[in-house]
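Just so it is clear, none of the values below were taken in a lab; they were calculated from the coordinates. Since this is a predicted model, take the numbers as computed values, not measurements. Backbone-built Cβ (ideal geometry, glycine too); neighbour counts: all protein chains shown.
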Amino acid sequence: MTDAASNPSPLYAKLLGETAQIGWSELERFFAQGKLIWVKGDLDLVSVAEAVANDDTQQVSQWLSGGLIERMQAETATDLAARDPELWAVVTSPWVCVQERG
């Protein structure tokens, strides 16, 4: 895997520029549609979005099986609604990749 920070692809750079802080209330409708991908821990949000956009099924499957990303679950959504933490998101239509920063 290349170091995206030192040598970003054009897509990575584009997605990085489209990544923004967002409140849970703005994400609820995407959760209701089943379109939120929850990115856990220290995984790079933009790298996940890039892999999803590129349909990199091998990498995405690896993250899914490792528990590093998942389609957002109701328990996570309930927790986020209650706490309203600092969230960051990037759209790779139809998906929205979301991560809590803290």
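General observations
- Neighbour net charge for Gln59 - beta-carbon separation under 14 angstrom, K R +1, D E -1: -4
- Listed residue (Gln99, Leu36, Ser65) projecting farthest to the positive dipole end of the chain, Cβ model: Leu36
- Charge sum, other residues only, whose C-beta stays under 13 Å from Ala89's C-beta, Lys/Arg counted +1 and Asp/Glu -1: -2
- Residue-averaged [θ]222 nm for the chain, counting only DSSP H segments that reach four residues, each worth -39500 (n - 2.57): -13000 deg cm²/dmol
- Contact order normalised by residue count of region 10-100, Cα under 8 Å, 6+ apart, percent: 47 percent
- For the chain, radius of gyration divided by Kirkwood radius, i.e. Rg to Rh on alpha-carbons: 0.95
- Fully extending the segment from Ser9 to Val60 would add 16.6 nm, taking 0.36 nm per residue of separation and subtracting the current Cα-Cα distance.
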